[in-house]
Amino acid sequence: MIAKKMLKYVEGSSVTRAMFEEGKRLAGLYGAENVYDFSLGNPSVAPPAAVKESMIRILQEEDSNKIHGYMSNAGHEEVRDAIADSLNRKFGTAFSRQNIIMTVGAAGGLNVILKSILDSGDEVIAFAPYFSEYNNYVANYDGVIVAVSPSIPDFQPNIAEFAEKITAKTKAVIVNTPNNPTGVVYSEETIQALAAVLEKKQQEFGTAIYLIADEPYRELVYDGAEVPYLTKYYNNTIVGYSYSKSLSLPGERIGYLVIPDEADDFENLVNAAAIATRILGFVNAPSLQQLTVARCLEESTDIAAYDANRRLLYGKLKELGFACAKPEGAFYMWVKSPEKDDSAFVAKAKEFNLLFVPGSAFACPGYVRIAYCVDKTMIERSFGAFEKLAACYDLEKPTAIREEISDK
């Protein structure tokens, strides 16, 4: 019999993944061209050509033991040097290799840092709506997730409630911007306010509270939106990054942590993170992928296709009367459910082979997430199904959750 703790994970398995599997089942029944799977944030844009070219050159030119062998748990030194230099050029920081820990994607990085800092009963705050796997990551180390209610209609973090929910047991706060599932980019004013609260609470409780920036969507922004780099606003910031979206490499599982010199207990924290990488079973991040991304730091996925999908889907949803936010980043549309029970709305959509993820999976019921990182032709084919879905409800004239976001 499996462990009791694991049994809870199995029972609460990801709704997103469940919808993805349902999409495959329906495709087998009705044909893939007649199923409109908007469930999973799986990049549809191919990686930059330089990624494949770099892999080939590395395999041809580098020593095989270097490509396929062990290295420091923290990662190849030259890779960490290259990433630190790239960050310094982009953000005016002063990182070195000692500030970089290579990780098995952002998920691996979050688990590494939570393993490094959490004792049983420590609290981790997240702002709803948030990526549901945070619950499992925190529970892995016997921590307690504390959710801050969503701030509607702008979905910026609710700073007032945040201040009320910080306690002496608060060990970390997770911030995800651009946000999954809303596509909202947290403003500089929001980050400054959040940092001010954290500074005040650290002094009040005499504790260190780490701000964990989960940033897999940093490069996926539209209409000139800017994403603040959080280490510049709060010393106890730790950044988790992934190349899953910026280089369209989700299956390669490669990313990194940034732990600034200014972070509380820096030396122990860095050493703990490197050791956690090993004892969690990762040992080290994939060697070939480390060497590859180091050669592609100035490359990025062409987000024009995502932007075109964003505009196309947003326009159609508004035309049909659905209330939705025009995303500033990432590749998700956050849509208000026309009925109170978002799961019932998801079930209704499935009758037309439309697959969404309910907002309740992100600690924010009453909404659904639609991932538009799909082929544009699928979006166009789905319009008839969306029209049938809209006809099931008495929708008012087109509105937007965030009216201040223009229809550029």
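Given the criteria touching a residue at least 12 places away in the same chain (Cβ under 8 Å), of a type in the set (Val, Ile, Thr) and not in a loop (DSSP other than H, G, I, E, B), does ILE56 qualify?
Numbers: touching a residue at least 12 places away in the same chain (Cβ under 8 Å): no; of a type in the set (Val, Ile, Thr): yes; not in a loop (DSSP other than H, G, I, E, B): yes.
It is false that ILE56 is touching a residue at least 12 places away in the same chain (Cβ under 8 Å), of a type in the set (Val, Ile, Thr) and not in a loop (DSSP other than H, G, I, E, B).
With respect to ALA263, is the statement that it is closer than 15 Å to SER96 by Cβ, in contact (Cβ under 8 Å) with a residue 40 or more places away in the chain and in contact with a Leu (Cβ under 9 Å, 6 or more places away or on another chain) true?
Working: closer than 15 Å to SER96 by Cβ: yes; in contact (Cβ under 8 Å) with a residue 40 or more places away in the chain: yes; in contact with a Leu (Cβ under 9 Å, 6 or more places away or on another chain): yes.
Criteria met by ALA263.
Which residues, counting only those in the range 270-307, are assigned to a helix (DSSP H, G or I), among the hydroxyl-bearing types (Ser, Thr, Tyr) and farther than 21 Å from SER96 by Cα? Outline the logic, then answer.
Here is the first cut: in the range 270-307, the residues assigned to a helix (DSSP H, G or I) are 270-279, 287-294, 304-307.
Still in the running and among the hydroxyl-bearing types (Ser, Thr, Tyr): 277, 287, 292, 306.
The one that is assigned to a helix (DSSP H, G or I), among the hydroxyl-bearing types (Ser, Thr, Tyr) and farther than 21 Å from SER96 by Cα: TYR306.
With PRO338, PRO365, PRO327 as the choices, which residue is assigned to a loop (DSSP other than H, G, I, E, B), of a type outside the set (Gly, Ala, Ser), more than 30 Å from ALA49 (Cβ to Cβ) and within 23 Å of the chain's Cα centre (by Cα)?
Working: PRO338 fails: within 23 Å of the chain's Cα centre (by Cα); PRO327 fails: more than 30 Å from ALA49 (Cβ to Cβ).
Every option except PRO365 fails the conditions.
On the stretch given as the range 336-363, residues that are within 25 Å of SER187 (Cβ to Cβ), buried (at least 24 other Cβ atoms within 10 Å of the Cβ) and of a type in the set (A, V, I, L, M, F, W, C) total 1. For ILE58, indicate whether it is touching a strand residue (DSSP E or B) at 6+ places or on another chain (Cβ under 9 Å), of a type in the set (A, V, I, L, M) and farther than 30 Å from ASP375 by Cα. It is false that ILE58 is touching a strand residue (DSSP E or B) at 6+ places or on another chain (Cβ under 9 Å), of a type in the set (A, V, I, L, M) and farther than 30 Å from ASP375 by Cα.
For ALA213, are the conditions met, namely being assigned by TED's automatic domain parsing to the domain that holds TYR256 and surrounded by fewer than 20 Cβ atoms within 10 Å (Cβ to Cβ)?
It is false that ALA213 is assigned by TED's automatic domain parsing to the domain that holds TYR256 and surrounded by fewer than 20 Cβ atoms within 10 Å (Cβ to Cβ).
Scanning the range 310-324 for residues that are out of contact with any Asp or Glu (no Cβ under 9 Å at 6 or more places or on another chain) and crowded, with 18+ Cβ neighbours inside 10 Å gives ARG310, LEU313, LEU317, PHE322, CYS324.
When every residue of the range 249-262 is checked against the conditions, at least one turns out to be closer than 30 Å to GLY366 by Cα and within 19 Å of the chain's Cα centre (by Cα).
The values are calculated or read from the model by the stated rules, or taken from the named source; none is laboratory data. All values reported here derive from a predicted model rather than from experimental measurement. Cβ coordinates were reconstructed from backbone atoms using ideal geometry, including for glycine residues, and neighbour counts include every protein chain displayed.
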